[in-house]
Every structure is written in structure tokens, then in C-alpha cells.
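Colleague: Quick one: the structure is below, questions incoming.
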Amino acid sequence: MIKRAAPDSQTGCAGAGNALSSMLARSLPIGNAMSKNIVKPRTAVRPKTKRPPLYKVILLNDDYTPREFVVLVLKAVFRMNEDEAYRVMMTAHRRGACVVAVYTKDVAETKATRATEAGRNKGYPLMFTTEPEE
Ligand code: TYC
């Protein structure tokens, strides 16, 4: 007789033992003492599927950075094509700010820093910030 441990109350992984049980049953001769009292371990393996929190990169408008330079930076750092970059630049220009893209915290901060530094290296006040999404 094959016993199964109680299903894990946190995961509800009651069915996970089926493959193991039938494998053991097949590999042992019927009536063999080894086929008795096989207990599935209670520690069910729970796959980690939680997604990391995401951060927005935000482009801020200013009165000095040339439009073409903003487009250049958006293409280089955020891998945008000409049309995407132009639209994002114009949205920031008209509304004061525009969400450029969403990444994990590390990637968002690295890209915002690189893009801001690209402006600073040319003497422009171009600014990218990050903030948690929602
Ligand atoms: N407002 C700038 C100009 O008129 C262009 C610009 C657009 C600068 C967007 C920054 O995020 C920005 N030259």
C-alpha cells in the first residue's frame, strides 16, 4: 500500500505525488516489503514565480536641450526608433514630462543615469528620473 502525505496546506500540491508513486510501484515487485509504507515528503516544492517590482523612467522637459538631442538620447539609451523617440520627446515638450519605459529597478536607474549624463556631458539640463510603477 502506498501512503501519501497530507497535501501541503500552503501550496495545495496534493497531486504532485502521482508520478512518483506510480514510478515506485512499477519498479518494485508486487508484494515486496519495499512497496509498503512509502510516504511522500511533506515539503512540497513551490516554484518561485513572483515578478520583480517595476520602475518607470520619466523624461522631464526643459527650455534648453535641443529637440534633436533628446531624440538622439532616447534612441541610443532606450533603443527607440526615430518615430517613437520623436513622439516621446514631443509629449515631454508639450506636457512637461513623459514616461519613456518601464524596467526593473536596476535597469531603470542605470538608463536614467546614462541618459541624464549624456545631456550633462554636452552642457544640457536634460533630466530623466525613475519612480515605482503604481
Ligand atoms: N523643450 C525643449 C526645446 O524646446 C526640447 C525638449 C523636449 C527638452 C523634451 C527636453 O524632455 C525634453 N528645445
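Colleague: Return the FRET efficiency for the residue pair residue 134, residue 68: r is the Cβ-Cβ distance, R0 is 35 Å, and the value is rounded to the nearest 0.05. All intermediate terms of the calculation are to be shown ahead of the outcome.
Modeller: Working: r = 33 Å, r/R0 = 0.95.
Once rounded, the FRET efficiency stands at 0.55.
Colleague: Please compute the modelled spin-label separation between residue 104 and residue 83, points set 7 Å along Cα→Cβ, answer in nm with one decimal.
Modeller: So the label points at residue 83 and residue 104 sit 3.1 nm apart.
Colleague: Please sort 72-80, 99-107 by packing, taking for each peptide the average over its residues of neighbouring beta carbons within 10 angstrom, highest first. Don't skip to the end; give the middle numbers.
Modeller: Working: 72-80: 18.4, 99-107: 16.1.
Packing proxy ranking, top to bottom: 72-80, 99-107.
Colleague: Just the number, please: Stokes-Einstein D of the stretch 50-134 in µm²/s, Kirkwood Rh from C-alpha pairs, 4 °C, 1.567 mPa s. The partial results should precede the final answer.
Modeller: On the way: Rh = 12.7 Å.
Approximately 102 µm²/s, per Stokes-Einstein.
Colleague: When the chain is fully extended, how far beyond the present Cα-Cα distance does residue 46 get from residue 95, taking 0.36 nm per residue of separation? It would help to have the intermediate numbers written out before the result.
Modeller: Working: separation 49, 0.36 × 49 = 17.64 nm, distance 4.58 nm.
Residue separation times 0.36 nm, minus the Cα-Cα distance, leaves 13.1 nm.
No lab work stands behind these numbers, since they all come straight from the coordinates. Here the structure is a predicted model, which means the values were calculated and not measured. With ideal geometry, Cβ positions are generated from the backbone for all residues, glycine too; neighbour counts draw on all protein chains shown.
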